[in-house]
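The values are calculated or read from the model by the stated rules, or taken from the named source; none is laboratory data. The shown structure was predicted, so the numbers you read here are calculated from the model rather than taken from an experiment. In this analysis, Cβ positions are derived from the backbone assuming ideal geometry, glycine residues included, and neighbour counts consider all displayed protein chains. Heads up: the accessible areas ignore ligands, DNA and RNA and are worked out on the full protein's heavy atoms, side chains in. Shrake-Rupley method; radii C 1.70, N 1.55, O 1.52, S 1.80 Å.
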Amino acid sequence: MPRAACGPMAELLELENLGVRYRVLGGWRALLTPRAPRTLDAVLNASLRVAPGETYGLVGESGSGKTSLARAIVGLVPHSAGHIRFRGHPIEGGSDRALRQVRREIGMMFQDPVASLSPRKTVGSLIVEPFRIHGINRNLDTEARRLIDMVGLGPNYLRMYPHQLSGGQARRVGVARALALNPALVIADEPTAGLDVSVQGEVLNLLTQLQAANGMGLLVVTHNLPVIRHVSTRIGIMYLGRLVEQGPTRAVFRSPAHPYTAGLIAAVPQPDPDLRRDTPPLEGEIPSLRNRPSGCEFHARCRLAVPRCRTEAPAYTAIAPDRGVACHFPLL
Amino acid sequence: MSHATWRGTAFGRVLGDPLGAFGLALVLLLVAGALGADWLTPWSPTQLNVRQRLLPPDFTHLLGTDHLGRDILSRVLHGGRIALYVSIVAVGAALGFGCLLGMIAGYGPRWLDNALILVFDAIRSFPTVLFALAVVSLVGPSLETIIMIVVVTTTPVYGRIVRTQTLSLKGQDFILAERAMGAGAIRVLAQHVLPNLIGPLLILASMEIPVVITIESGLSFLGLGVRPPTPSWGSILNDGYGFIRDTPWPVIAAGAPIVLTTLGFTFLGESLRDIFDPRLQREP
Amino acid sequence: MTDPVLRIRDLSVAYRSRRGRLRALRHVDLDVPAGRVVGIVGESGCGKSTLISAILGLLAPNAETEGGSIAFGGRELLTATAPEWQAIRGPRIAVVFQDPMTSLNPVLSIATQMIDIQYRSNEPTAQKRQRAIDMLTRVGIPDAAERIDGYAHRFSGGMRQRIAIAMALLLRPALLIADEPTTALDVTLEAQIVHLLKSLRQEIDGAILFVSHNLGLIAEICDEVVVMYAGEVVERADVRALFHHPRHPYTRLLLACDPARVAEDVALLPTIAGALPDLADLSAGCVFRARCPDAIDACGIPPALMEVAPGHAARCVRAHG
């Protein structure tokens, strides 16, 4: 049952110029190294929208800021700039207490399925945790059975401890818990990390099927391009904390506009020995956040860079309906 | 392994480990001796009998008598009662305060953390014995004074450990996950932080009990602990020490329980540490 | 044809556990010929790690070799003594692990470590250092002559893995085992490391055993592929034959599950129903029978690894029918 959006906005989640800044050196240590930067910008100027019932794929390599962005939405890390609007209402950072209501309506799945389950609780107690936290008075045994059944595990799992679960089973428990309160939005951070190929599909299919049933919005954060290609309707590519390209998944995969997107897609090894590549599609590594390059931050790795790219940062501009890119010379 | 049988098997596994079983036996012996002190021997620990001074062990006085003719076995058993009482109350209170303050320091705001750490370190920087001597000379020797000294000096030890553990747990995914579901600080601390640090802490505490017993005995030995004529292992040791040329029995009788208690709690603690952590129960 | 660098025959390894014997490897045959890259592919629980540990003589204390042989350059490794292992592990068989920090010492400079491992040679230190610098340059460390004096934490994950590869190759081993060498890396770095390994194989005269769960990487770098499932080799073939004409149902399903091979408009990804069999309680017959869509009655008899085409073997009764 898709929930009606509040106000005129049809968007479920809206980020506007979001920034996340971490303090790296504090106190007396900052005095010893006066020239070292005191802050790191993990996310810069990120704007994106997730519509109800849609799956948005946020793609990036490690250090791209995708996890920081996901965590900023539910206030696990405070955002330093910009706005977050959830169903039209602004989410301001603050105490856990202030964010309680928002967290009730956004389900979150963490990268490490086993580590995100409290190790001394049984599965049965873990999946009804949202009801306890929000003081929702229901028969918790019934709820536990409903949820464990919903994610395709038997009731015998309710008595197990997290360390007794396989990665795929723990992931299912994570799904059950994220969906326990019928959230309007689910954020899944690397839902396939550490899973075997034959199990990845199970978890993703489960999410897709539950989404079809509840109409929730899904924000999938991942570095796994082949997977996101199948599950998402729109994607955004992050590089050094900035969204460098966004658009409908198929269009982006078919004709990437940003050279980084193109390199990323080409870097995925193809399971066909006839499609071997002679050169790696992208040279170099992601620069350090402490030492952001000038101009376009991708210029050092870009085969198409011209002098202008070294000095002038490209603005994020729309290039087609629902598509945007931050590049002076988009490939389109 | 299901949860229902867990406690039973944990006990079973202590018995299965030779050192654990030995430690448990010693601890049970101490507890039984302390609880049953009134029934295990017909003699009163304070009854003087000047004509039977410094007797060697025989069937009437199983450990002999001291310089005032008191039955040493009775004094040792009652001394064990004092030792256990002091150590359990003191360690328990220190553990409670340490957990509370440590979790507040680790989970709370930075300034509170800094303030608590400053207090902890300030207390720890006093040498324990000198601190004890100073306090005793100010308020006078008594059981309560010893307990107070132990609580004040060991609370920061637990506090620091709990704080460090809390800090590392705080950044872990399952705590983030709880917060992401909307859980508040009290729930996170009570339901998810405490259960994950209490196991190792209880084991540490069980190893701390003999240390407290030693402190109590030490202060009593110096005459700064339990007031005579109440028996304490320390005062028995001290009494015997003066007559070591006449008979070694009082010193042996008071020294052996200190050594055995230390061994017992340490072995038991180590055995429990191996068993308590459910992550170690995983199949190889 | 010369003997392969590594020849494993009928290797079976079991772990003692409270639930009984876990038969982690059963009758494994594997040849790694000189100059070839042989891939081992399989999902978790297939026995890859046990196999690598067995080759390196690093099996866990509760592991027991039930039979078979591991011949390396004509020498039997299963009976090798500790001093013999010292001369083999490192100089003759080198490993690159998933996490480069496991092979780099955090408190010694890269130079110290790379000179140290040449301790068998009598050359002057300057020469050893130069060899290390050359190798680092070869694996793509910029300014190797200066950066060699740095410590592991100074390098990024990708650079550390390059250094680990340089250290592994420094003594010109006859066999390089790459155990999931790119799993911890991002996709663009992964492509670079795989490209590096591909370019290095021209120069090293040894063979590479490349272990991965990533079919794309296996297709990218390997000449021959061995597919493992639940402790057995279920298929062995030339890389093209394996990817284009897989004969074992497990291989076929595994390939079908790879999202990179699934058609774009498919909403639900294919999966392999069921779970791995219990290694402590294996029923008779094919280990994949319970999950196999093509299982027939004949699968109740344990199938042998039989040749279905020249150089292509599968452990399935239906593959050679």
Ordering C:R261, A:R21 by the accessible surface of their heavy atoms, 1.4 Å probe, largest first, yields A:R21, C:R261
So the FRET efficiency between B:L15 and A:Q101, C-beta based with R0 = 41 Å and rounded to 0.05, is 0.20
Starting from the Cα of C:D134, step 7 Å along the direction of its Cβ; do the same at B:H67; then give the gap between the two resulting points in nm. 8.4
With every protein chain left in place and a probe of 1.4 Å, what is the accessible surface of B:M207, to the nearest 10 Å²? 50
Over region B:10-280, give the accessible area per residue in Å² for a 1.4 Å probe, as an integer. 47
Just check chain B against the gyration tensor rule for me: Cα atoms, a ≥ b ≥ c as the square roots of the eigenvalues, rounded for a/c under 1.5, and otherwise prolate or oblate depending on whether a/b exceeds b/c. oblate
Compute accessible area for region C:158-202 by itself and then with all protein chains, 1.4 Å probe, and report residues whose area falls by 40 Å² or more. C:D186, C:V187, C:T188, C:A191, C:Q192, C:H195
What number, rounded to the nearest 500 deg cm²/dmol, is the helix-based mean residue ellipticity at 222 nm of chain B, given -39500 (n - 2.57) per DSSP H run of at least four residues and division by all its residues? -23500 deg cm²/dmol
For region A:278-311 and region C:254-311, distance of Cα centres in Å: 44
Nearest 10 degrees, 0 to 90: helix B:72-107 Cα axis against chain B principal axis: 20
Connecting C-alpha atoms closer than 10 Å in a GNM of chain B, tell me which of B:A83, B:A205, B:A122 has the biggest fluctuation. B:A122
Taking protein heavy atoms only, a 1.4 Å probe, and rounding to whole percent, the accessible area of region C:65-138 owed to carbon and sulfur comes out at 54
Could you tell me the total accessible area buried at the C-A interface, probe 1.4 Å, in square angstrom to the nearest hundred? 3600
Given a Förster radius of 25 Å and the C-beta distance between B:A190 and A:D149 as r, what FRET efficiency does 1/(1 + (r/R0)^6) yield to the nearest 0.05? 0.25
Region B:134-266, dipole about Cα centre (Lys/Arg Cβ +1, Asp/Glu Cβ -1), debye to the nearest 20: 380
Do you know which residues of region A:256-275 lose at least 30 square angstrom of accessible area in the protein assembly compared with their chain on its own, with a 1.4 angstrom probe? A:A267, A:P269, A:Q270, A:P271, A:P273, A:D274
Quick one: putting +1 on the C-beta of Lys and Arg, -1 on the C-beta of Asp and Glu, what dipole do you get for chain A around its Cα centre, in Debye to the nearest 20? 780
Report the Cα centroid-to-centroid distance between region C:73-144 and region C:1-46 in angstrom, as an integer. 25
Which value, in Å² and to the nearest 10, is the accessible area of B:I161 when all protein chains are kept and the probe is 1.4 Å? 60
P(r) tail fraction, region A:52-150 - alpha-carbon pairs more than 23 Å apart, %: 39
Compute the label zone of C:T112 within region C:154-181: residues whose backbone N is under 15 Å from the point 7 Å along Cα-to-Cβ. C:154
Tell me the relative contact order for chain A as a rounded percent, counting alpha carbon contacts under 8 Å between residues six or more apart. 20
Solvent exposure, largest accessible area first (probe 1.4 Å, DNA, RNA and ligands not counted), of B:W233, B:W249: B:W249, B:W233
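Expressed as a rounded percentage, what relative contact order does region B:10-280 have, with Cα pairs under 8 Å and six or more residues apart? List each step's numbers first, then the result.
Values: 392 pairs, mean separation 76.8, N = 271.
Computed value for region B:10-280: 28 percent relative contact order.
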Relative contact order (%) - chain C, alpha-carbon pairs under 8 angstrom, separation at least six: 21
Among C:H213, C:L175, C:V233, the residue whose Cα sits farthest towards the positive end of the charge dipole of chain C, when +1 is placed on the Cβ of each Lys and Arg and -1 on the Cβ of each Asp and Glu, is C:L175
Per the Debye formula with a single identical scatterer at each Cα and no solvent contribution, what log10 I(q)/I(0) holds for the protein assembly as shown at q = 0.10 Å⁻¹? -1.27
Between C:L268 and A:R276, with labels modelled 7 Å along Cα→Cβ, what's the label distance in nm to one decimal, could you check? 3.8
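Once neighbouring chains are kept in place and the probe is 1.4 Å, which whole percent of the accessible area of region A:115-222 is contributed by carbon and sulfur? Could you put the intermediate results ahead of the total?
Working: 1540 of 3360 Å².
The computed percentage sits at 46.
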Distance between Cα centroids, region A:168-220 to region B:104-118: provide it in whole Å. 37
What is the percent carbon and sulfur in the accessible area of region A:255-332, measuring with a 1.4 Å probe over the protein chains and ignoring ligands? 57
Which angle from 0 to 90°, rounded to the nearest 10, does the C-alpha axis of helix A:167-178 make with the longest principal axis of chain A? 80
In the neighborhood of B:V86, defined by Cβ-to-Cβ distances under 14 Å, what is the net charge if each Lys or Arg adds +1 and each Asp or Glu adds -1? -1
Cβ-derived FRET efficiency at R0 41 Å, A:A313 paired with B:A115, nearest 0.05: 0.40
Go ahead and set up a Gaussian network model of chain A, Cα springs under 10 Å, then flag whichever of A:D41, A:D274, A:D149 fluctuates most. A:D274
Check cross-link reach from A:K121 to the lysines: straight Cα distance under 18 Å, and skip same-chain residues fewer than eight apart. B:K170
Assign one of three labels to region B:1-124, namely rounded, prolate or oblate, based on the Cα gyration tensor with a ≥ b ≥ c the square roots of its eigenvalues; rounded applies when a/c is under 1.5, prolate when it is not and a/b is larger than b/c, and oblate otherwise. oblate
Gaussian network model of chain B, Cα within-10 Å springs - most flexible of B:F126, B:F267, B:F22: B:F126
With both bridge residues required to lie in the protein assembly as shown, what share of the DSSP beta bridges run antiparallel, to the nearest 5%? 60
Need one number: buried accessible surface between chains B and A, 1.4 Å probe, both sides summed, DNA, RNA and ligands left out, in Å² to 100. 2400
Between the modelled labels at B:L100 and A:T233 (7 Å from Cα along Cα→Cβ) the distance in nm is 5.4
